[in-house]
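These notes are about the structure you will find just below.
The values are calculated or read from the model by the stated rules, or taken from the named source; none is laboratory data. For clarity, every value in this text was computed on a predicted model and none was experimentally measured. Here the Cβ is made from the backbone with ideal geometry for all residues, glycine too, and neighbour counts use every protein chain on show. Quick note on the areas: whole protein, heavy atoms, side chains included, nothing else; ligands and nucleic acids left out. Shrake-Rupley method; radii C 1.70, N 1.55, O 1.52, S 1.80 Å.
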Amino acid sequence: MKKRRIMGLLAILVAFAFVAAACGDDDDSGSSSAASETSSDSSSDSSSDSSSDSSSDSSADTSSDSDEVDLTASGDQRLTPREEQGYVGVLSAEQSQSGREVDFGVFEGKTIGVVRVLQVPEATIQSDICAPIVEANGGTMDIIDSNFDPTVMVQAGETFLGRGDDAIWNISNPGAVMRPIIDEANANGTPFVSTYNFDEPGSIDIKEHDWGHALLFQFIGYEMGGEGKLALAILPGIETLDIRTHIAYSVLEYSFPNIEIVEFVGDGTIEGFRAATEAGLQAHPDVKAIYSHWDVPAAGVLQAIEDAGRDDIITTSYTGDEETGFAWMREGKLTATIAQANSQIGALACEYLALALSGVPLPEHTLVPTTTLLPGMDIPEAGSGGIFNDPPVFETSQLVDDY
């Protein structure tokens, strides 16, 4: 017992020694704070319209070996995607989405071939953010919509490679379908950037993390009181959408075993989902909540609910166009939604295209945060560009640099 007391006293003395050493270093902490304030002031004074100023400032800021910046040290200085749209010249690491200095001047005289899955907001928002940046810096962006046709997807990629485009951007087309284009691009040194290509190796892929859905389905489970019937308004067979369905089953079957899941399967159109929801409510009149894969199914679901006079149903969705779902929440039609980050993904993809053309190695996979918008939270105003999320939450250590 005596030995234990002695050891305890020694431990306390050692702890006091560490505290005294930390408190005695007042000069260092003061200089660090002053440096942080100076850095913050200089960052806030920089102007996005002056590429020469940002070039000289940012080159001094990115002297570290990692070429990355801690955005939390002096506050988040990033430009919003709308502010970055049309940016000319060098964007400092503090202001970029990627935490890297980006020289958009590399787009001068370059052609970016873009194969886009559909001319829908989820895809067009991304390209609309980047196209003005490319054009303002003397480049060209050529967009082909594949309309879900795998043949068109591959033919578009072959066209871009055949005419010698400087980089390819694949927006939401399945990576497995684009595999031969990815391989050929890697072989001949053409950067291949994808957004939502479903993690195909060898490309530079950017998408949102999927775990906002886990939070959303936990919310649904609690709002349902842990029991009853939940309907999923879904369009099966699309990988990024199927993940959302799988998360629903995983969370609810494990955490809320007394909730029964039924599926309202639509055809991808508002009218198709309205009809599917109408039939589903007739077959399952005791449905307490409905989740929609994205805003198109939600539009049909909300119409069917209104037609049936069912204002007792909890309604949730995934807002892709940065407007519609937020408007529904303001009107009280939608209970909760996930704010998809298409503007940020488009801005980040544009930075990655410029960085790849500059020869900078980039991670194969980058995940961007989403915000789960629940009752009582601030809802973005119309025309604001949606929710401005935190910087990327994850980048794989595996790099693509064979371009």
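Of the residues 166, 183, only one is closer than 19 Å to residue 403 by Cβ and surrounded by fewer than 16 Cβ atoms within 10 Å (Cβ to Cβ); which?
From the options 166, 183, the qualifying one is 183.
(1) farther than 22 Å from residue 88 by Cα; (2) under 9 Å from the mean Cα position of the chain (by Cα): which one isn't true of residue 343, the others all being true?
So residue 343 meets the others, but not (1).
Out of the residues in segment 365-403 meeting the condition of being of a type in the set (S, T, N, Q) and assigned to a loop (DSSP other than H, G, I, E, B), tell me which one is nearest to residue 221 (Cα to Cα).
370
Can you pull out every residue in segment 285-295 that is in a strand (DSSP E or B) and buried (at least 24 other Cβ atoms within 10 Å of the Cβ)?
290, 291, 292
Restricting segment 349-364 to residues that are in a helix (DSSP H, G or I) and not hydroxyl-bearing (Ser, Thr, Tyr), which is surrounded by the fewest Cβ atoms within 10 Å (Cβ to Cβ)?
So the residue we want is 357.
So that you can scan it fast, the table gives a plain yes or no per residue for (1) under 30 Å from residue 188 (Cα atoms); (2) of a type in the set (A, V, I, L, M):
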| residue | (1), (2) |
| --- | --- |
| 337 | no, no |
| 352 | yes, no |
| 367 | yes, yes |
| 380 | no, no |
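What number goes with the only condition from (1) of a type outside the set (Asp, Glu); (2) in contact with a helix residue (DSSP H, G or I) (Cβ under 8 Å, 6 or more places away or on another chain); (3) in a strand (DSSP E or B) that residue 272 does not pass?
Every condition holds for residue 272 apart from (3).
Search segment 92-121 for residues being part of a helix (DSSP H, G or I) and more than 18 Å from residue 80 (Cα to Cα), and hand back the single one that is most open to solvent (accessible area, probe 1.4 Å).
121
Can we say residue 138 is modelled with pLDDT of 95 or more and either on the phi > 0 side of the Ramachandran plot or in contact with a helix residue (DSSP H, G or I) (Cβ under 7 Å, 6 or more places away or on another chain) (or both)?
Here the answer is yes, as residue 138 does meet what is asked.
Among (1) part of a loop (DSSP other than H, G, I, E, B); (2) of a type outside the set (Lys, Arg); (3) at pLDDT below 95, there is one condition residue 318 misses while meeting the rest; what is its number?
Unmet for residue 318, out of (1) part of a loop (DSSP other than H, G, I, E, B); (2) of a type outside the set (Lys, Arg); (3) at pLDDT below 95: (1).
So which residues in segment 201-220 are more than 27 Å from residue 388 (Cα to Cα) and either open to solvent by less than 10 Å² (accessible area, probe 1.4 Å) or in contact with a strand residue (DSSP E or B) (Cβ under 8 Å, 6 or more places away or on another chain) (or both), if there are any at all?
Correct list: 202 only.
Looking at segment 322-338 only, could you name the residues that are open to solvent by less than 30 Å² (accessible area, probe 1.4 Å) and part of a loop (DSSP other than H, G, I, E, B)?
Matches in segment 322-338: 322, 334.
Would you please list the contacts, defined by Cβ atoms under 8 Å and residues six or more apart or on different chains, that run from a residue in segment 264-279 that is closer than 20 Å to residue 248 by Cβ and modelled with pLDDT under 95 to a residue that is surrounded by fewer than 18 Cβ atoms within 10 Å (Cβ to Cβ) and of a type outside the set (Ser, Thr, Tyr)?
266/272; 266/275
Are any residues in segment 169-185 outside any loop (DSSP other than H, G, I, E, B) and closer than 24 Å to residue 245 by Cβ, and if so, which ones?
The answer is 170, 171.
Could you run through segment 186-227 and say how many residues are touching a residue at least 60 places away in the same chain (Cβ under 8 Å), among the hydrophobic types (A, V, I, L, M, F, W, C) and outside any helix (DSSP H, G or I)?
5
Output the number of residues of segment 131-156 satisfying the condition of being of a type in the set (A, V, I, L, M, F, W, C), within 14 Å of residue 114 (Cβ to Cβ) and without any contact (Cβ under 8 Å) to a residue 40 or more places away in the chain.
Within segment 131-156, residues that are of a type in the set (A, V, I, L, M, F, W, C), within 14 Å of residue 114 (Cβ to Cβ) and without any contact (Cβ under 8 Å) to a residue 40 or more places away in the chain number 6.
Can you name the residue in segment 184-216 that is over 14 Å from the mean Cα position of the chain (by Cα) and of a type in the set (Gly, Ala, Ser) and is also nearest to residue 358 (Cα to Cα) among such residues?
Among those that are over 14 Å from the mean Cα position of the chain (by Cα) and of a type in the set (Gly, Ala, Ser), it is 189.
How do the pairs read when you match residues in segment 355-382 that are closer than 24 Å to residue 82 by Cβ with residues anywhere that are basic (Lys, Arg) and open to solvent by 20 Å² or more (accessible area, probe 1.4 Å), using Cβ under 6 Å and keeping only pairs 6 or more apart or on different chains?
Close Cβ pairs satisfying both conditions: 379/330.
Could you go through segment 296-312 and let me know if any residue there is open to solvent by 10 Å² or more (accessible area, probe 1.4 Å) and touching a Gly at 6+ places or on another chain (Cβ under 6 Å).
no
Out of the residues in segment 244-274 that are over 16 Å from residue 316 (Cβ atoms) and among the hydrophobic types (A, V, I, L, M, F, W, C), state the one that is surrounded by the most Cβ atoms within 10 Å (Cβ to Cβ).
Result: 270.
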